[in-house]
Structure formats: structure tokens, C-alpha cells
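The values are calculated or read from the model by the stated rules, or taken from the named source; none is laboratory data. Keep in mind that what you see is a predicted model, and the values were worked out from it rather than measured. Cβ atoms come from the backbone with ideal geometry, glycine included; neighbour counts cover every protein chain shown.
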Amino acid sequence: MRLNNLPFGRPGRFYRGNIHTHSTRSDGALSPSEVVAAYRDHGYDFLALTDHFLERYGYPIVDTRPFRTARFTTLIGAELHAPATELGDPWHIVAVGLPLDFAPPAPGETGPDLARRAAASGAFVGIAHPAWYGLTLADALSLDSAHAVEIYNATCATDNDRGESWYLADALLARGRRLLAYAADDAHFKERADVREAWIQVRAEALEPELLLASLKEGYFYSSQGPEIHDVVIDGDRIRIACSPARAIFVSGRGSRAQRAVGHDLTECALSMAPFAGSYCRVTIVDANGKRAWTNPIWLG
């Protein structure tokens, strides 16, 4: 997997979407059509409805193809579960791009087994909200077919104040796991403010499910709670960043390695790449309201 290909100069444009969402087909409060409208009618370009793939809900993989239009599309997905993590909880694994006939878990099928089968079927596989349920590093390392870590989850931020999972992602990256990183709502449309709070901007040549899925797997996207990342370019020993107005721009890497620019209404900066040589880095934009945007990890060796 090539994870050092930044999306900003690639052909096409960015499409805004959410890839972790629930409806009345599992434990959400709105019907699939209402969920789609909550995104489609508020500036989103695509959505993956990922209801809980559990027996008590009839193992739903919701066919959202009827909701596709020329200006809005959907990806087919589900949140997969199997016993059991190191702490004894069921696994939570987001799979986007599943076939509609994806089979329920077989007796004895573990979380890592289920993730491998989902990836083999063509899905983009995400380690869902690891901080929310204390997923351990050993657990995460066992998910050898995952494409990405869900590094921010809006529902978890308001459910138990464990919305961010960058710590686990960085621990995996430091051990050489070349994983991507995405943010999502995990919207259930209940009492929490969990809709349109975090999303991804996927670079693709057209608003087509197959192209969006391919870009997800290649890492041609960034994540945001509001700020925009306009460009990131590695220019020799410097990294050049352009963005919407920010109060801080961070470049972080293995361990404590970091560079930063701070100020008022920053829209660009150039920082040294020296601390990150032979390893990886990632960019974080923080705006005046504390909202952030993140690139995927950029591998340098």
C-alpha cells in the first residue's frame, strides 16, 4: 500500500462524505432515507450507511443505491462485530464497499478473521473508535487487514469523552504499520450532537462509488471538523502547507518529533522535515474555534 501519495495535486476534486453512520436498521433513530437526507441536503457528496451487522438486527447491509443521484452517491457498508477483544468486548470494525450478500460471521470467526474476509471482498476496513472501548495495542496489531484507524469519532466525544484515537494510531505507525486515518460522525440521531461534526474529503475524478472507494484505499483524502487543507507539498527538506485560516499548524511524527507554526489567521507555512527523516509525519490544522483537520500519515522512508 502506497501511503506517501498526497491527494492535493491529483486529478479531480474533493468530495465530502461520512463513512460511519447508523439508521433504524440497527440502533439509529432515523430511517435510511432520513439519514441520507440529513447529509445530502446539507452539502455532503456521499455517505456510507454502516448499521450494526448483528443477528438481533437481521445482519443488515442496507442497499442505499436507490438514494444515488447525479450529485450524491452512497457506498455500501456495515459495522462488523465478533467476539472478543482483549478486554472482552465485541469488536467494532467499519467496512465500506461490502457486497450486499456479505455473509454473517461464522461460528468461531474472530474480529481479525472478519476483517480479513471484509477486505478480501473488496471493502475498505477501518478500526472503529478504538479509544471508546479501550482497544489495546495488541488488539489493533492483530487487525492485519485494516486499512485505517478511526482517529476521531463525534459520537464517542459526547458519549464518554473518548472521541480521539490518534494515540493508538501513532503507536501502530511507530511500529511500522502503514495505516491511514479517518474521522467520522458515527451518527445515531439521538440525544447527542453527532451529525455533520466530522468528515472526510476524498479526492476522485468523479462522484462514483468505485472511484471513491479506490481513493479511500489509496489514502487520497484528509479528515476535518471544519478547517480546509488546500495543499501539502514536500519540497526538499521543507514541508509546505496551505489551509483555511488557522491559529496553529502542526507536523507530528514518531514519538515526540514535531514542528509547528502558530499565529493569527495562518494560511500557509513551511516547516523543516529534518525531524521526520526516514520515518513518517502527519499534518494537523487547528482553527480559532479549536476545530481541526488532519492529513493521512506521510511516509518518508
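Scan region 265-283 for residues that are free of Cβ contacts under 8 Å to residues at least 24 places away in the same chain and loosely packed, with under 13 Cβ neighbours inside 10 Å and report the count.
Of the residues in that region, 2 qualify.
Being surrounded by fewer than 20 Cβ atoms within 10 Å (Cβ to Cβ) and among the hydrophobic types (A, V, I, L, M, F, W, C) is the filter here, so list the residues in region 15-37 that pass it.
If the condition is that a residue be surrounded by fewer than 20 Cβ atoms within 10 Å (Cβ to Cβ) and among the hydrophobic types (A, V, I, L, M, F, W, C), then ALA29, LEU30, ALA37 are the ones that fit.
Looking only at residues in region 93-119 that are in contact with a strand residue (DSSP E or B) (Cβ under 6 Å, 6 or more places away or on another chain) and in contact (Cβ under 8 Å) with a residue 40 or more places away in the chain, which one is surrounded by the fewest Cβ atoms within 10 Å (Cβ to Cβ)?
My answer is GLY97.
Identify the residue in region 254-268 that is more than 17 Å from GLY290 (Cβ to Cβ) and basic (Lys, Arg) and, among all such residues, is nearest to the chain's Cα centre (by Cα).
For region 254-268, the residue satisfying everything is ARG254.
Quick one: which residue in ALA261, ALA293, ALA288, ALA248 is surrounded by fewer than 15 Cβ atoms within 10 Å (Cβ to Cβ) and modelled with pLDDT of 95 or more?
Just a single option satisfies the conditions, and that option is ALA288.
Output the residues belonging to region 13-25 that are within 12 Å of PHE189 (Cα to Cα) and either not assigned by TED's automatic domain parsing to the domain that holds GLU208 or not in a strand (DSSP E or B) (or both). So that I can check it myself, show each step before the final result.
Within region 13-25, the subset within 12 Å of PHE189 (Cα to Cα) is 21-24.
Those that are within 12 Å of PHE189 (Cα to Cα) and either not assigned by TED's automatic domain parsing to the domain that holds GLU208 or not in a strand (DSSP E or B) (or both): HIS22, SER23, THR24.
Please go through region 231-258 and pick out each residue that is touching a helix residue (DSSP H, G or I) at 6+ places or on another chain (Cβ under 9 Å) and among the charged types (D, E, K, R).
Within region 231-258, ASP237, ARG254, ARG257 meet the criteria.
Select from region 47-92 the residues that are assigned to a helix (DSSP H, G or I) and not charged (D, E, K, R) and write down the one among them that is surrounded by the most Cβ atoms within 10 Å (Cβ to Cβ).
Of everything passing the filter in region 47-92, PHE67 is surrounded by the most Cβ atoms within 10 Å (Cβ to Cβ).
Give all pairs with beta carbons closer than 8 Å in which a residue from region 207-229 that is under 23 Å from TRP299 (Cβ atoms) meets a residue that is part of a helix (DSSP H, G or I) and at pLDDT 95 or above; count only pairs at least 6 apart in sequence or on separate chains.
Partner pairs satisfying both residue conditions: PHE221/SER215.
Quick one: would you say ALA169 is over 30 Å from ALA118 (Cβ atoms) and touching a residue at least 12 places away in the same chain (Cβ under 8 Å)?
no
For a quick check of your reading of the model, give me the residue pairs whose first member lies in region 127-153 and is on the phi > 0 side of the Ramachandran plot and assigned by TED's automatic domain parsing to the domain that holds ASP185, whose second is at pLDDT 95 or above and assigned to a loop (DSSP other than H, G, I, E, B), with beta-carbon atoms closer than 7 Å and at least 6 apart or on different chains.
HIS129/HIS92; HIS129/SER165; HIS129/ASP186; GLY134/LEU87
Give the residues of region 101-131 that are among the aliphatic types (A, V, I, L, M), within 29 Å of GLY163 (Cβ to Cβ) and not in a helix (DSSP H, G or I), sorted by residue number. Can you show your working first?
First, pick out the residues of region 101-131 that are among the aliphatic types (A, V, I, L, M): 103, 106, 114-115, 118-120, 123, 125, 127-128, 131.
Now restrict to residues that are within 29 Å of GLY163 (Cβ to Cβ): 114-115, 118-119, 123, 125, 127-128, 131.
ALA123, VAL125, ILE127, ALA128, listed by residue number.
What residue, of HIS147, HIS129, HIS188, is under 30 Å from ARG65 (Cβ atoms) and surrounded by fewer than 22 Cβ atoms within 10 Å (Cβ to Cβ)?
Exactly one residue qualifies, and that residue is HIS188.
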